[in-house]
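Remarks on the structure that follows.
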Amino acid sequence: MPALTIEEVERIAALARIELTSDEKTLFARQLAEILTYAEQLQQLDTSGVPATTQVHPQLQAEREDRPTPSLAVRDAIANAPDSDSDAGLFAVPRVIG
Amino acid sequence: MTDVRSARDIRDAVASGARSATEVCGEYLERIDALNPQLNAFNTVCGERALGSAAEVDRRRAAGEPLGPLAGVPVALKDNLCIRGVRTTASSKILDQFVPPYDATAVARLEAAGAIVVGKTNCDEFAMGSSNENSAYGAVTNPWATDRTPGGSSGGSAASVAAEMVPLALGSDTGGSIRQPASFCGVVGLKPTYGRVSRYGLLAFASSLDQIGPVTRTAYDAALALSVCAGPDPADATTASEPVPDFTAALSGSVAGLRIGVPRAFISSGVDGEVLAAVEAALDTLRGAGATLVDIDLPNARYAIPAYYLVCTAEASSNLARYDGVRYGYRATLAPASTLQEMYDRTRDEGFGTEVKRRIVLGTYVLSAGYYDAYYLKAQQVRTLLRRDYEEAFEQVDVVAMPTSPTPAFRLGEKTDDPLRMYLTDVFTVSANLVGLPAISVPCGFTSGRLPVGLQLMGRMFDEATLLRVGDAYERLTDWMTHTPPLKADPE
């Protein structure tokens, strides 16, 4: 049975860029272990040689002509940003390079 | 409430001039105002915008211009569907003030057909949930019993149609999120075939599973709405090129010769006795009308829930990476010297609710190095086994029938502390998403406690027409749609 340590939850949360509270880490360690234990039943199935289904529609035509079409105006694109420089048309974030 | 109650009735009354779109819209807005405090079905009501759209329909009629097939029909949109200029939150704090600069394709098509968007319905945050309790704006209550959930995640859409706050709502269905709430609220919910309706403008949860569909009071209205929304869209490469029929034309009222597959072993345990009895009675009714019941086996159906929760969380962890506090949505308040990394970490912890974080972490785990093959790849292989089960079944039968949910609506708070127990409520609905099949839930009776029960029918890829035909034929044989929940629209 998969048991999840707090350290593992921290490692995964860091990969997912979420700073969990210590209560959340404890809760998730227990709950995710329960869910993963439940999911262990899939291991009963012999899937050797079975292809994976990554999408369900065999006739999808994902290719199209590579032609420019109108897209969002810059002012519309940045209108929802929590911080931006609307004159320059830029999203603003905390300093990245010191 | 009024003399016209279905989308079709309203469209006909507006087209004939018996009612004006403005008058109809005003009545529905009043009812929303009266009922929303007790149901919490709407996150946002856009009354002024709606009345403007209704006036335009009335102007077109007066000018003799052509009217669309949904002219004057009030519609509600699940709050994960974008509409230009109207706040769209996905019931998440992280999108609390988000105002989309564009329309979802399905929404644009509804409006082009004359539908009047009256508001955005509450849902589980980012459509993750089976009870509508994972909403930053509070749970929706079930119109039939206000101490119970309306189901989820499209709980607001189902409750609003059941309470006649609108005749038609759009929802999204990733693992049952249209059908299960439709079942809990006693209305019709249709998940179309994957690829039938464009997902452009639907805030993505799990892209290989998500599909937009209608919630209505009748199968006819679902057929009408699907005919309007379906079809290829250059903005969504996963839309299918299959021709879109007029689905209303398929509603012959007949089920003679129809073969209905019933997976007896799969539904033999874990189903509430009254739910099973209502479903069996519905199947008897269809048999009495000329359908044949065939026992079928779906040997891998019991693996659908674990496969589903691995696939959907994996896809969610990737899709929700976009909510980073940069381009839109919430950003945590930070000390001046904070780094970009701290901004991401804090924004996502404060902006997402518990279930969304749980799923992102689980999905990140199953995709991470060392676990990918055992979890994610395995689940995708099980999807193939499930698809083969259904391919075999559909060699013998035209539709597959089972309960939509193993229980009627459960109590608010009953499963919130136990995510795994909540996930298990989706046992009958997730297969349609994993395989891509269309599926519908139609009301098929009540428990002794007056809680609605839904019959689920699944069909072959792109064969929504048969599901709608059976649903419509069953409606003609029963009177479930005439039952209304015990709500008081007028303040005491």
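Sort through A:34, A:40 and tell me the only one that's without any contact (Cβ under 8 Å) to a residue 12 or more places away in the chain and closer than 22 Å to residue B:378 by Cβ. Break it down into steps so the answer makes sense when it comes.
Details: A:40 fails: without any contact (Cβ under 8 Å) to a residue 12 or more places away in the chain.
Exactly one residue qualifies, and that residue is A:34.
For the structure I just gave you, tell me whether residue B:229 is more than 14 Å from chain A (Cβ to nearest Cβ), over 23 Å from residue B:397 (Cβ atoms) and either among the aromatic types (Phe, Trp, Tyr) or over 13 Å from the mean Cα position of the chain (by Cα) (or both). Can you show your working first?
Details: more than 14 Å from chain A (Cβ to nearest Cβ): yes; over 23 Å from residue B:397 (Cβ atoms): yes; either among the aromatic types (Phe, Trp, Tyr) or over 13 Å from the mean Cα position of the chain (by Cα) (or both): yes.
Taking the combined requirement at face value, the residue satisfies it.
Between B:393, B:401, which is in a helix (DSSP H, G or I) and at pLDDT 95 or above? Explain how you work it out, then say what you get.
On the way: B:401 fails: in a helix (DSSP H, G or I).
Criteria check complete, one pass: B:393.
Which residues, taken from segment A:23-64, are open to solvent by 80 Å² or more (accessible area, probe 1.4 Å), hydroxyl-bearing (Ser, Thr, Tyr) and either part of a helix (DSSP H, G or I) or within 8 Å of chain B (Cβ to nearest Cβ) (or both)?
A:26, A:54
Within segment B:105-120, track down each residue that is more than 14 Å from residue B:71 (Cβ to Cβ) and not in a strand (DSSP E or B). Quick ask: steps written out before the conclusion?
Step one: list which residues in segment B:105-120 are more than 14 Å from residue B:71 (Cβ to Cβ), which gives B:105-108, B:118-120.
Selection gives B:105, B:106, B:107, B:108.
Could you please find all residues in segment B:331-351 being in contact (Cβ under 8 Å) with a residue 24 or more places away in the chain and at the interface with chain A (Cβ under 7 Å from one of its Cβ atoms)?
Going residue by residue through segment B:331-351, those that are in contact (Cβ under 8 Å) with a residue 24 or more places away in the chain are B:347-348, B:350-351.
Listed by number, the list holds a single entry, B:348.
Report, by residue number, each residue of segment A:2-42 that is over 26 Å from residue B:344 (Cβ atoms) and touching a helix residue (DSSP H, G or I) at 6+ places or on another chain (Cβ under 7 Å).
The answer is A:2, A:3, A:34, A:38, A:39, A:41, A:42.
Out of all the residues in segment B:309-320, is one or more touching a Gly at 6+ places or on another chain (Cβ under 7 Å), more than 7 Å from every other protein chain (Cβ to nearest Cβ) and without any contact (Cβ under 8 Å) to a residue 40 or more places away in the chain?
The answer is no; no qualifying residue exists.
Of everything in segment B:352-373 that's without any contact (Cβ under 8 Å) to a residue 60 or more places away in the chain and aromatic (Phe, Trp, Tyr), which residue is most open to solvent (accessible area, probe 1.4 Å)? Break it down stepwise before answering.
Within segment B:352-373, the first condition is being without any contact (Cβ under 8 Å) to a residue 60 or more places away in the chain, and the residues that meet it are B:357, B:360-373.
Next, from what is left, pick out any that are aromatic (Phe, Trp, Tyr): B:365, B:371-372.
Details: B:365: 11, B:371: 60, B:372: 93 Å².
Once the filter is applied, the top-ranked residue is B:372.
Do any residues in segment B:171-198 that are at negative phi have Cβ atoms under 6 Å from those of residues that are open to solvent by 10 Å² or more (accessible area, probe 1.4 Å) and of a type in the set (Phe, Trp, Tyr), where the two are at least six apart or on different chains, and which pairs are they?
From segment B:171-198, the pairs are B:193/B:462.
Where in segment B:139-242 are the strands (runs of 3 or more DSSP E), entirely inside, with at least 1 residues that are of a type in the set (Val, Ile, Thr) and under 19 Å from residue B:467 (Cβ atoms)?
Working: elements: B:168-173, B:188-191, B:211-216.
Where strands (runs of 3 or more DSSP E) fall fully within segment B:139-242 and carry at least 1 residues being of a type in the set (Val, Ile, Thr) and under 19 Å from residue B:467 (Cβ atoms), they are B:188-191, B:211-216.
Among the residues of segment A:83-90, is any buried (at least 16 other Cβ atoms within 10 Å of the Cβ) and free of Cβ contacts under 8 Å to residues at least 40 places away in the same chain? Before the answer, list the steps.
Step one: filter segment A:83-90 for residues buried (at least 16 other Cβ atoms within 10 Å of the Cβ), giving A:84.
Then keep just the ones that are free of Cβ contacts under 8 Å to residues at least 40 places away in the same chain; that gives A:84.
Yes: one or more hits.
If you check A:11, A:17, which single one turns out to be open to solvent by 80 Å² or more (accessible area, probe 1.4 Å), assigned to a helix (DSSP H, G or I) and either touching a Lys or Arg at 6+ places or on another chain (Cβ under 7 Å) or more than 7 Å from chain B (Cβ to nearest Cβ) (or both)?
On the way: A:17 fails: assigned to a helix (DSSP H, G or I).
Only one candidate qualifies: A:11.
The values are calculated or read from the model by the stated rules, or taken from the named source; none is laboratory data. Keep in mind the model is a prediction, meaning the values are calculated, not measured. Positions of Cβ are backbone-derived with ideal geometry, glycine not excepted, and every protein chain shown enters the neighbour counts. Side chains included, ligands, DNA and RNA excluded: accessible areas come from the protein's heavy atoms. Shrake-Rupley method; radii C 1.70, N 1.55, O 1.52, S 1.80 Å.
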